[in-house]
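Asker: Below is a structure I'd like to ask you about.
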Amino acid sequence: MGGKLIFVLVQRSKIGNISRKTSWSGFSSYFVSNKDDDMNKKITSLVICTILFYLIVLPLQAFAQEGEPILTGISFKNAEISGEFNPDVHEYNLILNNNETPPTLKDYTISGNANIFITYTYDEINHQIGLTATLQYDMGSAIYNFTYANPPKYERTKNNLLSAIYCTYGELSPALNNKDTVYKLYIPSDLTQLTITPVTEDIQAYCAPIELILAQDQTPKITFYSIASDGSKREYLLNIKRVDKTINQVKQEMMEPNFKSFVDGTRVYQRPEFLITVFAAGTGLLVLLILFRITRKIAINPYDRDEKPFYKIIE
């Protein structure tokens, strides 16, 4: 009895061990499976965070390190800013030296990489009351408003002439004058945002600014009007032409101290290949002319000037 009882207890013990081993194995498998899922989620989250870091955080950090461009100084012809210019102040009064002539941009300084655009502001009846300087850069813009402190007393005049046509990275040909109304405006090959600011000779006249978005190969013809205070209009036509230079190339040329034109040397008749062709053609024509004259001199003449005639003419 004692031996059998011991045997049964051992068997139950083994069965119990087997049961416990089986339970522990299933629990371990379940635990390991859940642990792998958590690890996969953690890895996925880590990958997503890394991608977001490179796509968002680094560019923002680089921009923060570079900083936004700042307009550190600006001045105008025929006008003085009331008070000192401060980049953090965006509203100013502008005192005109001659309130019959619009002020124009004289000089400016920018800390950083940006472009500046000048446009004129008008009231509801198209009287010029000030101007706006817009500092435009990749991540935004800053606007500075200048209001005339001593605007003119408006009178009706017939003056609808322009004193200037401003275009950033643009060059007008021929130079603006009071006779011509058709001009060529040369721009870089990759310029797509075109801003043109006509400046009226008379502050009482009105000419709307022009803003266009162009394709890189687009060269439109632009018609606009300068309107005198008496309502008379003068029509202008701009033929847009592109030069074989990029914006950066033109910008670098404009920064040179002796800069005069980025168009000179880019016209067809100014290019080296055109000059070489013309020179070769002229040289060839000259050679042909010389050969013709030489041939004419050495050619056989069937008539002898010194030979006496065989017969005598009787009248």
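The values are calculated or read from the model by the stated rules, or taken from the named source; none is laboratory data. What you are looking at is a predicted structure, and each value in this text was computed from that prediction instead of being measured. Ideal geometry is used to build each Cβ from the backbone, glycine not excepted, and the neighbour counts take in all protein chains shown. The area values use the complete protein model at the heavy-atom level, side chains included, leaving out ligands, DNA and RNA. Shrake-Rupley method; radii C 1.70, N 1.55, O 1.52, S 1.80 Å.
Asker: Would you mind stating whether residue 186 is farther than 30 Å from residue 243 by Cβ, in a strand (DSSP E or B) and modelled with pLDDT of 95 or more? First the steps, then the outcome.
Answerer: Values: farther than 30 Å from residue 243 by Cβ: no; in a strand (DSSP E or B): yes; modelled with pLDDT of 95 or more: yes.
The answer is no for residue 186.
Asker: A further question on this structure: With the checklist (1) under 28 Å from the mean Cα position of the chain (by Cα); (2) in a loop (DSSP other than H, G, I, E, B); (3) of a type in the set (Val, Ile, Thr) in hand, flag the one item residue 121 doesn't pass.
Answerer: (2)
Asker: Please determine, by comparing only the residues of the stretch 157-169 that are under 27 Å from the mean Cα position of the chain (by Cα) and over 14 Å from residue 236 (Cβ atoms), which one is most open to solvent (accessible area, probe 1.4 Å). Steps first, please.
Answerer: Filtering the stretch 157-169 down to residues under 27 Å from the mean Cα position of the chain (by Cα) leaves 162-169.
Imposing the further condition that a residue be over 14 Å from residue 236 (Cβ atoms) reduces the set to 168-169.
Numbers: 168: 41, 169: 23 Å².
For the stretch 157-169, the residue satisfying everything is 168.
Conditions tested, residue by residue: (1) in a loop (DSSP other than H, G, I, E, B); (2) at pLDDT below 95; (3) open to solvent by 80 Å² or more (accessible area, probe 1.4 Å).
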residue	(1), (2), (3)
224	no, no, no
235	no, no, yes
239	no, no, no
253	no, yes, no
261	yes, yes, no
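Asker: Quick one: residue 125 ticks every box in (1) farther than 28 Å from residue 193 by Cβ; (2) aliphatic (A, V, I, L, M); (3) at pLDDT 90 or above bar one, so which box is it?
Answerer: Unmet for residue 125, out of (1) farther than 28 Å from residue 193 by Cβ; (2) aliphatic (A, V, I, L, M); (3) at pLDDT 90 or above: (3).
Asker: Being loosely packed, with under 15 Cβ neighbours inside 10 Å and outside any strand (DSSP E or B) is the filter here; which residues of the stretch 128-156 pass it?
Answerer: 138, 139, 150, 153, 154, 155, 156, listed by residue number.
Asker: While we're on this one: Enumerate the pairs (first residue in the stretch 246-265 and free of Cβ contacts under 8 Å to residues at least 60 places away in the same chain; second residue anywhere and acidic (Asp, Glu) and assigned to a loop (DSSP other than H, G, I, E, B)) with beta-carbon separation below 6 Å, excluding pairs fewer than 6 apart on the same chain, so at least 6 apart or on different chains.
Answerer: These pairs meet every condition: 246/190.
Asker: Another one. Tally up the residues in the stretch 96-109 that are open to solvent by less than 70 Å² (accessible area, probe 1.4 Å) and touching a Phe, Trp or Tyr at 6+ places or on another chain (Cβ under 9 Å), please.
Answerer: 6
Asker: I'd like to verify a number: residues in the stretch 181-218 that are open to solvent by less than 60 Å² (accessible area, probe 1.4 Å), over 12 Å from the mean Cα position of the chain (by Cα) and charged (D, E, K, R), how many?
Answerer: Residues that pass the stated criteria total 1.
Asker: Still on this structure, I have one more. Can you say whether residue 78 is without any contact (Cβ under 8 Å) to a residue 40 or more places away in the chain, of a type outside the set (Ser, Thr, Tyr) and crowded, with 16+ Cβ neighbours inside 10 Å, as far as the supplied structure shows?
Answerer: On the way: without any contact (Cβ under 8 Å) to a residue 40 or more places away in the chain: yes; of a type outside the set (Ser, Thr, Tyr): yes; crowded, with 16+ Cβ neighbours inside 10 Å: yes.
So residue 78 passes the test.
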